[in-house]
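Here the structure is laid out as structure tokens; the discussion comes afterwards.
The values are calculated or read from the model by the stated rules, or taken from the named source; none is laboratory data. Everything numeric in this text was worked out from a predicted model, so none of it was measured. In this analysis, Cβ positions are derived from the backbone assuming ideal geometry, glycine residues included, and neighbour counts consider all displayed protein chains. Remember, those area values only see protein heavy atoms, side chains included, never the ligands or the DNA or RNA. Shrake-Rupley method; radii C 1.70, N 1.55, O 1.52, S 1.80 Å.
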Protein chains: 2
Amino acid sequence: MAELTLTTFNWVPEPPRGLVRDLRVRWALEEAALPYRVANTPFDDRGPAHLAHQPFGQVPWLTDGDISIFETGAILLHLGERSDKLMPTDPRGRTEATKWVFAALNSVEMASLPWTMSKFMGHPTDTAAWKFVDDFLKLRLRRLEPVLGPRQWLAGSFSVADILMADVLRVVDKFDGLADSPACRAYAARATARPAFAKAHADQMAHFAAGDKARGA
Amino acid sequence: MAELTLTTFNWVPEPPRGLVRDLRVRWALEEAALPYRVANTPFDDRGPAHLAHQPFGQVPWLTDGDISIFETGAILLHLGERSDKLMPTDPRGRTEATKWVFAALNSVEMASLPWTMSKFMGHPTDTAAWKFVDDFLKLRLRRLEPVLGPRQWLAGSFSVADILMADVLRVVDKFDGLADSPACRAYAARATARPAFAKAHADQMAHFAAGDKARGA
């Protein structure tokens, strides 16, 4: 099998550490026990070499031999084809996992990202714009709650859909946005209690700490 | 082959007509010349029968025999497996199309939706929150512009990635958000000039006009 290489920034400032999207890919690779190496792209210079792999100047991207993939959703679907620890093997189960991959990103994160970014930026909360953002997220969480209540994982067994959904929900939880969504909160806690998440999170933190040292040198 | 059924609302108010997401699925089905029928779910009552197919109470969903799929990204990837008019047939081309499917939704629409919703709602534009939303979209369009400049379609040949990206961009264009992005604007115009888009758009408008009559009756 071709070598897998995950590329992320060499360094990021403190606030986003633990939240950089390479975590989703590390988590999947750890769940599947697929061997991989981690490569760096400079945070301070997003030049042509970066944009050739990730046209929006973000991270991560994954190379699998001579195939290069960006977008964590696309990367995780790709890895799902390489390991039955990441996707059900039957067609119906794969379709189920795929629709929840999109739902995590496009039904839930589409609503949670404006909300978490507003919190992060400290935008005022006495505006019509904030009320719209807050109502949008609450509507999605209200619909997600009865989905997650009765099931352990989204598509039968643990899958890449759970990595994405849990990663989206844990950020909302950091800003105390799951107070009225006990099933969502329990699900995020259950997913992030997995050893593969802990390993991925610790590896990301260590990676950027090493970047501090290299910059300080 | 199993019968394809696209379910959408029986009726929606005037403003979102032409923008309801079933258009993306109609467009793909028309491009592929796959036979399908259209079914209704009541706009005014999003009960258990609706939520069993689409847990967030939205439309559309697609049934392919006894498989039911929601999220337009997941539906379009599914249809891409049924027609080489919707996805390249080689593995590299399929990976390319898949990553642009996610990029359309998660890099571009993630930034454009807060922007178009703010425009739609008429939120004030003299706020830090609006500046953040506006800057976020401009950053994405600035990166997309050199991608779209030299190419006709995102993944070599026309694919489901183009349906999603063009559908996202045409809404930004409606609110005059592509004034500084000539390649994005030309791409959206090129995609929406395809007969399959025109058919899909006309069919959606006729569908909701029929809904008016049924409600009036």
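Name the residue that is least open to solvent (accessible area, probe 1.4 Å), counting only residues in segment A:126-149 that are in a loop (DSSP other than H, G, I, E, B) and over 15 Å from A:ALA191 (Cα atoms).
A:THR127
Filtering segment B:32-42 to residues that are open to solvent by less than 50 Å² (accessible area, probe 1.4 Å) and either within 21 Å of B:VAL160 (Cβ to Cβ) or not aliphatic (A, V, I, L, M) (or both) leaves B:ALA32, B:LEU34, B:THR41. Residue under question is A:HIS207, and the condition is that it be more than 14 Å from the chain's Cα centre (by Cα) and either farther than 21 Å from A:PRO60 by Cα or part of a helix (DSSP H, G or I) (or both); does it hold? Yes: the conditions hold for A:HIS207.
Return yes or no: is A:ARG170 open to solvent by 60 Å² or more (accessible area, probe 1.4 Å) and outside the structural domain of A:TRP11 (by TED's automatic domain parsing)? It is false that A:ARG170 is open to solvent by 60 Å² or more (accessible area, probe 1.4 Å) and outside the structural domain of A:TRP11 (by TED's automatic domain parsing). Looking across B:ALA193, B:ALA179, one residue alone is surrounded by fewer than 20 Cβ atoms within 10 Å (Cβ to Cβ), among the aliphatic types (A, V, I, L, M) and farther than 15 Å from B:LYS138 by Cβ. It is B:ALA193. Could you please let me know if B:ARG94 is charged (D, E, K, R) and within 12 Å of chain A (Cβ to nearest Cβ)? When the stated conditions are applied, B:ARG94 passes them. Pull up segment A:1-31, narrow it to residues that are closer than 14 Å to A:HIS201 by Cα and hydrophobic (A, V, I, L, M, F, W, C), then point me to the one that is surrounded by the fewest Cβ atoms within 10 Å (Cβ to Cβ). Ranking the candidates gives A:LEU19 first.
Applying the set (1) free of Cβ contacts under 8 Å to residues at least 12 places away in the same chain; (2) away from chain B (no Cβ under 11 Å); (3) not charged (D, E, K, R) to A:VAL171 leaves exactly one unmet item: (1). Here A:GLN54 meets the list (1) polar (S, T, N, Q); (2) more than 18 Å from the chain's Cα centre (by Cα); (3) assigned to a loop (DSSP other than H, G, I, E, B) almost entirely, failing just condition (2). Of all the listed residues (A:THR116, A:THR98, A:THR89), the sole one being among the β-branched types (Val, Ile, Thr) and either assigned to a loop (DSSP other than H, G, I, E, B) or modelled with pLDDT under 95 (or both) is A:THR89. Among the residues of segment A:76-89, those that are in contact with a Gly (Cβ under 9 Å, 6 or more places away or on another chain) and farther than 14 Å from A:GLU30 by Cβ comprise A:MET87, A:PRO88. All of (1) open to solvent by 40 Å² or more (accessible area, probe 1.4 Å); (2) within 12 Å of chain B (Cβ to nearest Cβ); (3) in a loop (DSSP other than H, G, I, E, B) hold for A:HIS123 with one exception: (1). The set of residues in segment A:45-77 being open to solvent by 30 Å² or more (accessible area, probe 1.4 Å) and at the interface with chain B (Cβ under 8 Å from one of its Cβ atoms) consists of A:LEU51, A:GLN58, A:ILE67.
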